[in-house]
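Written below as structure tokens is the structure these notes are about.
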Amino acid sequence: MLKVKLPDGSEKSFENSVKVLDVATDIGPGLAKAALAGEVDGTVVGLDYNLADNQEVNLKILTKKDADALGVLRHSCAHVMARAIMRLFDGVQLAFGPTIEGGFYYDFDLEHSLTDEDFPAIEAEMQKIISQDEPFERIERSREEALQVVRDLGQDFKVEHIEEGLAEHPTVSFYQQGEFVDLCRGPHVPSPKAIGAFKLLSVAGAYWKGDSNRKQLQRVYGTAFFDKQSLEEHLARIEEAKRRDHRVLGKQLDLFTINPLVGSGLVMWLPKGAMVRTLLENFVRDELSKRGYQAVYTPNVGRVELYETSGHYPYYSDSMFTPIVMEEDEKYILKPMNCPHHIMIYKSRPRSYRELPLRLAEFGTVYRYEKSGELSGMTRVRGFTQDDAHIFCTNEQVADEFRGCIEMTQFVLKSLGLDHYRVRLGFRDPNSDKYVGGEDVWQQAQDALVEVCESLGIEATPEPGEAAFYGPKADFVINDCIGREWQLGTVQLDYNLPSEKRFGLEYIGADNQTHRPVMIHRAPLGSMERFIGVLIEHFAGAFPLWLAPEQVRVLTVSEKSEQYGRAVLQQLREAGFRAEGDFRAEKLGAKIRDGQLELIPYMLIVGPRDAEQGTVSVRDRIDGDLGAMPIADAIAKFAEEVRERRVRQTYSGSAGLGERGAANEY
RNA sequence: GCUAGCGUAGCUCAAUUGGCAGAGCAGCUGAUUUGUAAUCAGCAGGUUGUGGGUUCAAGUCCCUCCGCUAGCUCCA
């Protein structure tokens, strides 16, 4: 007797083992037709999955309404793509073709270099395969038989994978569709007709089994949906991300520039970008001093010996700039991190337990020689400034300090409208002995991390084995307004640098004995470069009033009102606003257009009428014309918005700069 | 670093597939004096990323280097 529990709580019994599809049929012909896959006790399976007799299982029939079914569909689409590519090109070796967030990919090795010019032909062939509607059939074979199958097919990667990756599996499965047979765990949708819409997106290199020492393959990315509309929405989101690209907006809005003559990955902040950064830094500085941090400054270089003591050199020399050699025994490196310098401040005199926790903060600029292919705009660079601080404390103080760090990060993120994030907790791998510091101390710290996140209502996922060798960590992963994830802030415990082997840090305890402090590295924003890069994309360049490089612009209706306009501008500046004036002999419409495209939060339009009555006509970047009001009222309105650090909008269309005939989106 | 693609005026892009480097915007000059998303006219702007090669002729074809983009790998 087989008992099947359905999601609505009802139960069905079967005399013998049945397939998932049989259960669906038993429930109703409509469901059987709509069924794409099943979920048995939480595992997604195909409709042909056999539910064995003499057990009780939870079963959910998946249709296109279920998110999990989409993954199954996309994997099937990856097979269709592989089949199409094998039809069109000779000597195609198949590697892996999994589903990923937003779509799928398949890795191939073939003579021909695929480009996106090949996509139309491949897509046409895929469409043909889908129209033919041949079913995906699962075939199970013993390892020996399977090896023979893939050898006969001449699929060398699959042979290797069965021999090595699947060495533990007594049987393996294949899926066959027409002439196409592929080693595959499955499941698949019953037939390709469920693939309502698909598109190939890009092609790029990828290493076999992710190993840069192994062969490089060609990876084709694509996506698929049940219907055309979902595909179009997805493609629109991709376009949306492109429009928000901080590299494009950074250029259009004069925020930063990167020049090969200065060097790749080295950012120059233009006045407007520098203003945003200064505002953000000042905001963080205020917060740091409220939270008991002390500001310090340290140099940009340090002797190689400092980093030998810290253990960074030569271990990480690959990602450091080459040392500056003055004399044989006098070498300096551009600092790749601030902690050794901060440690020397700690060590500048004996420390008492009464001083702890000692919190040393610095916007410290560091240099890391990232490989050329890693560089990207402001988000991956070779020189960057961390909003860094190092906390020296006792083991007992760790939990409170963690809490403080996480609360501060929460506060900062909230002030910027970054409301969606999670915390990744990097914990020790219980089976490894690479870690510094006692197991009990680690356990205590890890427990504290979990507890702090829970009590603050933060979604935190422990990831064993993801800790650095020197201590557990908490990384903030921010979700921006279009759902992309960015790793920004971090809090990391360090048992290594204070240790005897490294800097041998000490403090005198209440017991008059020497003790060893714990160190916490923390940076709520991470780096100014990356954080502001992400902010640019998050706001699509339209910064909230408190962060906008130019907050208000005074526009004169004609040159006749210039004198009044300049007086208004003067008042705004005296009230502390970053204001400019547009007194050109252009028509008002042209000035407004320029202001909108430059994403200026407020424009104050002044003409003869205003000059007469002492008013300004306020134009809001988002809501448009707000009508005339006394200057003092406008100033009070802006001041309140700044004081509250109000985030009114994270996105409202493209900046549109440089695009002729672009639709008006504000 | 690897694979692939790309590099033309400050920006966005043309240039008959090897045959006189061009347009819009931005800039400058002048006219216009305007009330909520582009006033008109003129001017100027280039060693086509770099260095070499093939050719009567190279933006276009070949090679070198530099840079950018996508992805892979990496990220103390």
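In segment A:351-389, which residues are farther than 18 Å from A:Gln492 by Cα, out of contact with any His (no Cβ under 9 Å at 6 or more places or on another chain) and either near RNA strand B (Cβ under 8 Å from one of its atoms) or aliphatic (A, V, I, L, M) (or both)?
A:Arg368, A:Tyr369, A:Glu370, A:Lys371, A:Ser372, A:Gly373, A:Glu374, A:Leu375, A:Ser376, A:Arg380, A:Val381
For segment A:207-217, indicate whether the set of residues that are over 24 Å from the mean Cα position of the chain (by Cα), in contact (Cβ under 8 Å) with a residue 40 or more places away in the chain, surrounded by fewer than 17 Cβ atoms within 10 Å (Cβ to Cβ) and away from RNA strand B (no atom under 16 Å from the Cβ) is non-empty.
No, the conditions are met nowhere in segment A:207-217.
Which condition number in (1) outside any loop (DSSP other than H, G, I, E, B); (2) in contact (Cβ under 8 Å) with a residue 40 or more places away in the chain; (3) closer than 27 Å to A:Leu535 by Cα is the one that A:Glu451 fails?
(3)
Among what's in segment A:608-666 and is open to solvent by less than 40 Å² (accessible area, probe 1.4 Å), near RNA strand B (Cβ under 8 Å from one of its atoms) and not assigned by TED's automatic domain parsing to the domain that holds A:Glu574, pick the residue that is modelled with the lowest pLDDT.
A:Ala662
Regarding segment A:167-181, can at least one residue be identified that is in the same structural domain as A:Arg138 (by TED's automatic domain parsing), outside any strand (DSSP E or B) and over 26 Å from A:Leu47 (Cβ atoms)?
yes
Kindly indicate whether A:Ile600 is crowded, with 17+ Cβ neighbours inside 10 Å, more than 7 Å from RNA strand B (Cβ to nearest atom) and not in a helix (DSSP H, G or I).
Numbers: crowded, with 17+ Cβ neighbours inside 10 Å: yes; more than 7 Å from RNA strand B (Cβ to nearest atom): yes; not in a helix (DSSP H, G or I): yes.
For A:Ile600, the condition - crowded, with 17+ Cβ neighbours inside 10 Å, more than 7 Å from RNA strand B (Cβ to nearest atom) and not in a helix (DSSP H, G or I) - is met.
Which one of A:Gly38, A:Gly46, A:Gly71, A:Gly102 is open to solvent by less than 60 Å² (accessible area, probe 1.4 Å) and modelled with pLDDT under 85?
Going through A:Gly38, A:Gly46, A:Gly71, A:Gly102 in turn, just one is open to solvent by less than 60 Å² (accessible area, probe 1.4 Å) and modelled with pLDDT under 85: A:Gly102.
Out of A:Ala24, A:Ala32, report the one residue that is at pLDDT below 85 and in a helix (DSSP H, G or I).
A:Ala32
For segment A:567-584, which residues satisfy the criterion of being under 27 Å from A:Leu416 (Cα atoms) and within 15 Å of RNA strand B (Cβ to nearest atom)?
A:Glu580
In segment A:301-313, is there at least one residue being part of a loop (DSSP other than H, G, I, E, B) and either at pLDDT 90 or above or surrounded by fewer than 13 Cβ atoms within 10 Å (Cβ to Cβ) (or both)?
no
What pairs come up if the first residue lies in segment A:298-310 and is under 15 Å from A:Lys501 (Cβ atoms), the second is at pLDDT below 95 and open to solvent by 30 Å² or more (accessible area, probe 1.4 Å), and their beta carbons are under 8 Å apart, counting only those six or more places apart or on different chains?
Partner pairs satisfying both residue conditions: A:Tyr307/A:Tyr313; A:Glu308/A:Pro314; A:Thr309/A:Arg502; A:Ser310/A:Arg502.
Give me a count of the residues in segment A:480-517 that are farther than 28 Å from A:Leu418 by Cα, assigned to a loop (DSSP other than H, G, I, E, B) and open to solvent by less than 40 Å² (accessible area, probe 1.4 Å).
Of the residues in segment A:480-517, 10 are farther than 28 Å from A:Leu418 by Cα, assigned to a loop (DSSP other than H, G, I, E, B) and open to solvent by less than 40 Å² (accessible area, probe 1.4 Å).
Output the residues belonging to segment A:279-300 that are surrounded by 15 or more Cβ atoms within 10 Å (Cβ to Cβ) and out of contact with any strand residue (DSSP E or B) (no Cβ under 8 Å at 6 or more places or on another chain).
A:Leu279, A:Leu280, A:Phe283, A:Glu287
Can you tell me which residues in segment A:239-273 are within 11 Å of RNA strand B (Cβ to nearest atom), touching a residue at least 40 places away in the same chain (Cβ under 8 Å) and not in a helix (DSSP H, G or I)?
A:Asp245, A:Ile258, A:Gly263, A:Ser264, A:Gly265, A:Leu266, A:Val267
From A:Thr25, A:Thr43, grab the single residue that is closer than 30 Å to A:Lys128 by Cα and among the hydroxyl-bearing types (Ser, Thr, Tyr).
A:Thr25
Give segment A:320-350 a look and list any residue that's of a type in the set (D, E, K, R), part of a loop (DSSP other than H, G, I, E, B) and either near RNA strand B (Cβ under 10 Å from one of its atoms) or surrounded by 13 or more Cβ atoms within 10 Å (Cβ to Cβ) (or both), or say none.
Residues satisfying the conditions are A:Lys335, A:Lys347.
Restricting attention to segment A:162-189, which residues are at pLDDT 90 or above and open to solvent by 40 Å² or more (accessible area, probe 1.4 Å)?
A:Gln176, A:Glu179
For A:Lys199, are the conditions met, namely being among the basic types (Lys, Arg), more than 16 Å from RNA strand B (Cβ to nearest atom) and open to solvent by 70 Å² or more (accessible area, probe 1.4 Å)? Before you say what the answer is, go through the steps one by one.
Working: among the basic types (Lys, Arg): yes; more than 16 Å from RNA strand B (Cβ to nearest atom): no; open to solvent by 70 Å² or more (accessible area, probe 1.4 Å): yes.
Against the criterion (among the basic types (Lys, Arg), more than 16 Å from RNA strand B (Cβ to nearest atom) and open to solvent by 70 Å² or more (accessible area, probe 1.4 Å)), A:Lys199 does not qualify.
Considering only segment A:518-566, how many residues are part of a helix (DSSP H, G or I) and either within 12 Å of RNA strand B (Cβ to nearest atom) or over 23 Å from A:Ala590 (Cβ atoms) (or both)?
17
The values are calculated or read from the model by the stated rules, or taken from the named source; none is laboratory data. Note that the structure is a prediction, hence the values are computed from the model and not measured. Note that each Cβ is placed from the backbone with ideal geometry, even for glycine, and that neighbours are counted across all protein chains shown. Heads up: the accessible areas ignore ligands, DNA and RNA and are worked out on the full protein's heavy atoms, side chains in. Shrake-Rupley method; radii C 1.70, N 1.55, O 1.52, S 1.80 Å.
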